[in-house]
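Take a look at the structure set out below.
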Amino acid sequence: SRKHGDPERDYNAFSIAPTYYSQGDGNYRDVNQNRRLDVLFNPEVGTWDIETFVNLIQTDGYNPLVVKGSVFIVTDSSRLEDLVDEESRQRVQEFFRNPFTPGSLLIFLESPTVRPRVSPADYLAKALELAEQTIMADYGEGYWIDHFTYVLDLVQNYLAVYPDKLLELLLGERKYRFYDSPAFVRPRDEKCVLVQGVVCQRRAIAESSEKCAALAARGSDKHWVRTRHGNGEIYTTNLYSKLLALATLKFATLDPDGVGVEMEANKPGWNDSMNGLPGLFGSGFGELCEVTRLVEWLLGCHDALVGSSISLPTELHNLFVGVHRQLEDFDESVANASFVYWDAVSTLRERYRGETALGFAGAEVSMPIAEVEQVLRAMQVKLREGIKRAGQEGEVYPTYFYYEAIRWEAIVGEDGRHKVNQDGYPLVRPTAFRRIRMPLFLEGPARAMKVLGDRAKASKLHVNVKQSALFDTKLKMFKSSESLLSQPMSIGRGRAFTPGWLENESIFMHVEYKYLLELLRSGLYAEFFEHMQSALVPFLDARVYGRSPLEHSSFIASSANPDSSVHGRGFIARLSGSTAEFLHMWTIIMFGGNPFVLRDGSLVLQLAPVLPAWLFDGSGRVSFRFLGSCDVTYVNEGRRDTYTDEGAYVARYEIQWKDGTMAVVQGNIVPEPHASRVRAGEAASMLVSLCGATGGR
């Protein structure tokens, strides 16, 4: 209920509704990444988180900052009027004319002028049954380039529990919408200005008075894009088409050299302290990796979608095929070729945003999945070239770039005078850039590991990271960045901090945990467990850490700090982000992260723990709770690692059902019908026996 969905972070404003079932505001990025594992702890969550955060993505590829919680709308309250006495029915009609929350309804029912004939709980249950649930949000203060990167995690974790529902998830019901915000990204000709001889971006975001008027004129469910340019029905589509729209828009926002995603909308990425980079034409390499991951994931689904077609709004279809045409026409031999391509694609993107500013026209174009694949393949080539180009600049992948305009031209009005923005700065149009690479940050390698697709490459990258200034050899931890002292103050507030403090060369724990998670996901198990014991809070020396190892910190002062007495000490209580990363590690360690898979079209449960021998107790046991309700105990009498060829592996399941019966399954998988029963929460416990391999598995 605090600003970042982080109840223990006392420096953020506390805001919570004074009702039953209270809700508070959270930020899109924070709540999205913190909910990524909900379905693995409670399968009944289903697609709720996916729907929530995918729906909030706008037609321009961005999303509102503030997520306010859910409200409910009852369009026909007549079925609820019989549940109160006759004198109360008029008040019931009035109440349901507006959206409500469960808490506000219960308070309404407690009013002395309302007399329900059933219990408040039963009345609420009936109202929710008849209501449509919708999420509330606010634009907030800008558009960050990284917020989209957490959506795919929601989808992939859902499929880790429900792999048999891929087609239904992607091409099923048209229930996905586009959030409608009055704030829009200005085109380049309205935000590129000359300030003291330097070209920069200013006032990249504006609110449309026309859109504000259109939203005000709508009913209660007003913040959703509509057809007929705002006057028609709410536009809906399926998940595949919505994700394809997201991938297209992010691909169309690559920087002039194709090595990062532009910070074109007033805000940076995950590292907020780089808040000066948007004005410097900054871009993020990590987000380029995430666009690659999304494009390649969509391509990976196409075997299951053979013969299918998708529908796109005409405006989006034109952008999609227009980008493809630019990729086909790209000629590296042309002078300033990368800039020419970037300029053309940016123009297509700006035209699309202008066409959809007030909604879609309503027409759609159907595309066979084979045609979609052709375009995505071309995008994949461009993205992979960008990763390779960025990586050639050093052995460790970079994280941030910014661009210096080395040539530009004045924008002149019809009166022949130089146009200016609202602050009086001359508007200009850059015609050539020079890319500047910033010092290393840990986020770039962490994101890169997601798309390397090769354990040997990940291992080499990790070795290089350890040999770089990102590794604190004194603390045996990973710093958020190299020294920023060589950088101008204009990059953002991170530059102003003392070295080893906050986001300047400290152990910023959330990003360190992100990096450790990617070691694990890349199959670098021995490396992970080595660093786990020097980097994860439960293993720290409390005398050095300066607080209980049961309490997390925002950052740990690194050995770069001039005050040696604070080296290794944690500062500022902060749990949510790092906790989400740790829980993700935990799922992989305990059951492999993808417990349910399809084999020959049939659902199976396959637990694949990644446990070192030293984490088993004296009797060779480790226990955990699976799917929020089933207690699992691994029995590893030989106390072997479970992730090496010579280690222990799952060989037998004893499943105790909640109805008192038992099932024994030999082998490393649980077939149907047992797999579905476990997923449905019918298992009370499982005893899983591990066998030691001799001479390999």
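The values are calculated or read from the model by the stated rules, or taken from the named source; none is laboratory data. Note that this is a predicted model, so its numbers are computed, not measured. For neighbour counting, all protein chains shown are included, and Cβ atoms are generated from backbone atoms with ideal geometry for every residue, glycine included. The accessibility values were calculated without ligands, DNA or RNA, using every heavy atom of the protein model including side chains. Shrake-Rupley method; radii C 1.70, N 1.55, O 1.52, S 1.80 Å.
Values for this structure:
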{"quantity": "Viscosity 1.567 mPa s, 4 °C: Kirkwood-radius Stokes-Einstein D of the range 316-436 over Cα pairs, µm²/s", "calculated": "73 µm²/s"}
{"quantity": "Mean separation of Cα contacts under 8 Å, 6 or more apart, over the residue count of the chain: relative contact order %", "calculated": "11 percent"}
{"quantity": "Additional length obtainable on full extension of the chain from Arg521 to Thr347, 0.36 nm per residue less Cα span", "calculated": "58.8 nm"}
{"quantity": "Counted charge near Ser623, where neighbours are those whose Cβ lies closer than 13 Å (Asp, Glu -1; Lys, Arg +1)", "calculated": "0"}
{"quantity": "Selected from Val678, Gly172, Ser522, residue furthest toward positive end of dipole (the chain; charges at beta carbon)", "calculated": "Ser522"}
{"quantity": "DSSP bridge pairs, the range 541-697: antiparallel proportion in percent, nearest 5", "calculated": "85 percent"}
{"quantity": "Two-site label geometry, Val334 and Leu598: point separation in nm, points 7 Å out along Cα→Cβ", "calculated": "4.2 nm"}
{"quantity": "Karplus (6.51, -1.76, 1.60) ³J(HN,Hα), θ = phi - 60°, over the range 176-184, in Hz, Gly and Pro reported as x", "calculated": "9, 10, 10, 5, 10, 10, x, 8, 10"}
{"quantity": "When the convex hull of its Cα atoms is projected in every direction, mean area for the range 407-453 (nm²)", "calculated": "6.4 nm²"}
{"quantity": "Alpha-carbon centroid distance for the pair the range 407-474 / the range 268-337, whole angstrom", "calculated": "16 Å"}
{"quantity": "Accessible surface, 1.4 Å probe, highest first, among residues Val381, Val114", "calculated": "Val381, Val114"}
{"quantity": "Cα-based Rg of the range 474-613 normalised by 2.2 N^0.38 Å, two decimals", "calculated": "1.24"}
{"quantity": "Under 15 Å, Cβ to Cβ, from Arg455 - net charge with Lys/Arg +1 and Asp/Glu -1", "calculated": "0"}
{"quantity": "Members of Lys222/Lys382; Lys68/Lys175; Lys175/Lys250; Lys191/Lys242 lying beyond 32 Å, as alpha-carbon distances in this model show", "calculated": "Lys222/Lys382"}
{"quantity": "Kirkwood Rh, Cα atoms: Rg over Rh of the range 558-643", "calculated": "1.15"}
{"quantity": "Correct option for volume of the Cα convex hull per residue in Å³ [calculated from the coordinates] among (1) 162; (2) 193; (3) 219", "calculated": "(2)"}
{"quantity": "Within the accessible area of the range 260-335 (1.4 Å probe), percent carbon and sulfur", "calculated": "43 percent"}
{"quantity": "The chain - charge dipole about Cα centre, Lys and Arg +1 at Cβ, Asp and Glu -1, debye rounded to 20", "calculated": "960 debye"}
{"quantity": "Relative contact order (%) - the range 407-489, alpha-carbon pairs under 8 angstrom, separation at least six", "calculated": "24 percent"}
{"quantity": "With DNA, RNA and ligands ignored, accessible area of Ser459 (1.4 Å probe; Å², nearest 10)", "calculated": "30 Å²"}
{"quantity": "Environment charge of Glu315, counting only residues whose C-beta is closer than 14 Å and scoring Lys/Arg +1, Asp/Glu -1", "calculated": "+1"}
{"quantity": "Stokes-Einstein diffusion coefficient of the range 256-303, Kirkwood radius over Cα pairs, 20 °C, 1.002 mPa s, in µm²/s", "calculated": "183 µm²/s"}
{"quantity": "Accessible surface, the chain, averaged per residue in Å² (probe 1.4 Å)", "calculated": "41 Å²"}
{"quantity": "Shape category assigned to the range 141-256 from the gyration tensor of Cα positions, a/c cut at 1.5", "calculated": "oblate"}
{"quantity": "Sequence-distant residues sharing a close amide H with Phe478 (under 5 Å, placed H)", "calculated": "Asp472"}
{"quantity": "Candidate lysines for bridging to Lys466, where Cα separation is under 20 Å - those fewer than 8 sequence places away on the same chain excluded", "calculated": "Lys450, Lys457, Lys474, Lys476, Lys479, Lys514"}
{"quantity": "Long-range HN-HN contacts of Gln58 with modeled amide H, under 5 Å", "calculated": "Asn63, Tyr179"}
{"quantity": "Relative contact order [Cα under 8 Å, 6+ residues apart], the range 40-122, whole percent", "calculated": "26 percent"}
{"quantity": "Fraction of accessible area attributable to carbon and sulfur, the range 593-696 (%, probe 1.4 Å)", "calculated": "46 percent"}
{"quantity": "Estimated FRET transfer efficiency when R0 is 41 angstrom, pair His302-Glu94 (beta carbons, to 0.05)", "calculated": "0.20"}
{"quantity": "Distance between the range 161-236 and the range 619-653 - C-alpha centres, whole angstrom", "calculated": "48 Å"}
{"quantity": "Solvent-accessible surface (1.4 angstrom probe) belonging to Glu94, in square angstrom, nearest 10", "calculated": "90 Å²"}
{"quantity": "Taking all pairs of distinct alpha-carbon atoms in the range 31-83, Kirkwood radius in angstrom", "calculated": "13.8 Å"}
{"quantity": "Computed E for Glu654/Arg79 - FRET, C-beta separation, R0 41 angstrom, nearest 0.05", "calculated": "0.25"}
{"quantity": "Karplus 3J(HN,Hα) series, Hz, for the range 194-202 with 6.51 cos²θ - 1.76 cosθ + 1.60 (x for Gly, Pro)", "calculated": "9, 10, 6, x, 10, 7, 8, 9, 9"}
